[in-house]
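Okay, so here's the structure we're looking at.
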Amino acid sequence: MDEDKTSPIAGEEAKKVPAEPYELKTEEDKKEEVKQDVKKMTDKIVNHTHCQMCAKAIPAEDRFCSDACKDNHQMMVKKRKKSTYMFLGIMVVLFLFMLFGTKILSFLGGGQ
């Protein structure tokens, strides 16, 4: 029982391999091919932008796809501003307490 060990590819798999050897592409050829692919893709894409809330594609002159997204964005901005001001206020209070805390505590403690 001799097995054929001459080729790891046998049967139908051998038919899939092209008869001609692959061409080795230079870096410049590869770059040119990518440029052509990008040009083909950009020719198909219409000038657009994306909704700032849900990222749907919309016409370039719009910022939001619907009034609901616009309202949600405005509420998010208000919440973010409020939390930023609260954080800054707490930081100022903590800084003042660190700066003048011992004097305030000694004053409230009755001069001990």
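For this structure, a couple of remarks:
- Among residues of segment 30-46 that are closer than 26 Å to Pro59 by Cα, those with a beta-carbon under 9 Å from a residue that is surrounded by 10 or more Cβ atoms within 10 Å (Cβ to Cβ) at least six positions away or on a different chain give the pairs Val46/Ala57; Val46/Pro59.
- Pairing residues of segment 80-98 that are free of Cβ contacts under 8 Å to residues at least 24 places away in the same chain and assigned to a helix (DSSP H, G or I) with residues that are surrounded by 10 or more Cβ atoms within 10 Å (Cβ to Cβ) and not basic (Lys, Arg), at Cβ distances under 9 Å and at least 6 apart in sequence or on separate chains, gives Phe97/Ile104.
- For segment 25-70, a residue qualifies if it is among the aliphatic types (A, V, I, L, M) and in a loop (DSSP other than H, G, I, E, B), and the qualifying residues are Ile45, Val46, Met53, Ala55, Ala60.
Quick note: the coordinates plus some simple rules give every number you see, no bench work behind them. Since the model is a prediction, treat every value here as computed from it, not as a measurement. Note that each Cβ is placed from the backbone with ideal geometry, even for glycine, and that neighbours are counted across all protein chains shown.
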